[in-house]
1. How about K443: which aspartates and glutamates have a C-alpha closer than 14 Å to its C-alpha, ignoring those fewer than 8 places off in the same chain?
2. Give me the percent of accessible area attributable to carbon and sulfur for segment 237-330, probe 1.4 angstrom.
3. For a Förster distance of 30 Å, can you work out the FRET efficiency between the beta-carbons of E280 and H359, rounded to the nearest 0.05?
4. Treat every Asp and Glu Cβ in segment 207-452 as -1 and every Lys and Arg Cβ as +1, leave all other atoms uncharged, and give the resulting dipole magnitude about the Cα centre to the nearest 20 debye.
5. Need the C-alpha centroid separation for segment 332-410 versus segment 70-113, integer Å.
6. What is the Å³ per residue value for the convex hull set by the Cα atoms of segment 312-351?
7. For segment 180-228, take every pair of Cα atoms, bin their distances at 5 Å starting from 0, and report each bin as a whole percent.
8. How about segment 280-323: which GluC sites (Glu not before Pro) there are in a DSSP loop, with at most 13 other Cβ atoms within 10 Å of their Cβ?
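The values are calculated or read from the model by the stated rules, or taken from the named source; none is laboratory data. Here the structure is a predicted model, which is why all the values come from computation and not from measurement. Cβ atoms come from the backbone with ideal geometry, glycine included; neighbour counts cover every protein chain shown. The protein model used for the area step is the full one, side chains on, heavy atoms only, and it has no ligands, DNA or RNA in it. Shrake-Rupley method; radii C 1.70, N 1.55, O 1.52, S 1.80 Å.
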Amino acid sequence: MFKKILIANRGEIALRVICACKELGIRSVVIYSEADRNSLPVRFADEAICVGPPQLAQSYLNIPAVISAAEIANADAIHPGYGLLSENANFAEVCETCNIKFIGPPPPVTRLMGEKEKARAAMKKAGVPVLPGSEGVLGSEAEAAESARAVGFPLIVKASAGGGGRGMRIVRSEAELPALFQAAQSEAAAAFGNGALYIEKYIERPRHIEFQILADQYGTVASLGERECSIQRRHQKLLEESPSTEMTPELREEIGGMLSKTLSDIGYANAGTVEFLMDEDRRLYFIEMNTRIQVEHPVTEMVTDVDLVKSQILVAAGETLENVLHGPILHRGHAIECRINAEHPETFTPSAGKITAFHPPGGTGVRVDTAVYAEGTIPPYYDSLIAKLVARGKDRAEAISRMSRALEMFIVEGVYTTIPLHRRILADPEFQAGHTDTTFIEKLIPRDTRRAHG
Ligand code: ADP
């Protein structure tokens, strides 16, 4: 087992990994930027090392600084959390070269899944359904037009290196293609340093359904069931739940079995999430795989009772999945997660600043993952997540009523938050009836529709 893990992240996920280390009796060392000097991860980790100024490129994304910190601390493993360096295969390789275990899949697998059109091709080859689309990346606008004619409209132009909903454009007719192709290309180049694009058939009103995977280093892969993440704004998740109201035990088993086999053949290890879109006929199509722990992992933890972060550490240390899971995975009850972001409720612009009052709710079935505290600050340099509020109930109705009262009892003052938006979602009869798809928020807040597609 590892003696000391370096956490190459910040905020709630750094704290989440610290919790797992404490429970496993492993020492933790967290890196931090000058903006996070007074953060809770710095307070609760056994050690903390400053890696640079607030700017991401100079601190959390500065690979030499992160590796030096691990070497100074004598850490034998690095947990990257999500975002930041978590899907950077080069970083994982540097860790390996320095004899530090990267808690994640092997670098070639991360690299394959990081190029979304290659991941699509690999899944298609393995028999996993994908949407009709271009073969590989598009070399030019002319190639895009040819491919678009074959796929048909509407379609979606996506960035090969995509993430966070960026570099994506919905195209409804051939006339729109040149301008939207160029817009997606420049957005992708600016965001990822890679303007490569591919085309996929666009599904109207899909549900986003993803499968949580856990794999050991010996080819055993388990599926821990699905999360539905259809409540999104600008292709970014706001609320997630498990199980999906559209899932059946048969379909869950069928997809889970197919993914276990495919990912075992690919050589997958550690935690991962395979994302699908579901069309109106309940057919699932692979869209991408994330090779790390997800923001929304707590909903799976709440319904399966599996601690995913501890499991990540155990399988990375060489444990077999059998020893980590202790028997079959059971799904009990229903869990919902609301992402509480520091954002203005109307403009959705980030609202950084000082938190003047903070009271997270508690009580039966409520979990709050946060690194925020009263009198602390939300720095302007990083993402705007304040807390993940998770409610579990014996069924969906109980999870909804529990979440509603928890939202009502959540006090955050000093910055704007998405709490009022979540209260609106939870009170909506369509949401309560389980009629959710990725256009739900546009319908709930029609005013926002123009901006989302503008
Ligand atoms: P990212 O990596 O940027 O998160 P994804 O490929 O995971 O991008 O897609 C994010 C979201 O964009 C999906 O959850 C869905 O709402 C929308 N989307 C992506 N592809 C399609 C598609 N082919 N049809 C309809 N919506 C899509």
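1. The qualifying aspartates and glutamates are E204, D428, E430.
2. Accessible surface attributable to carbon and sulfur in segment 237-330 totals 48 percent.
3. Efficiency, from the Cβ-Cβ distance: 0.10.
4. For segment 207-452, the charge dipole is close to 700 debye.
5. Taking the Cα centre of segment 70-113 as reference, the centre of segment 332-410 is 30 Å away.
6. 115
7. Taking all Cα pairs of segment 180-228, the binned fractions are 5, 15, 12, 11, 12, 18, 17, 9, 2 percent.
8. E280
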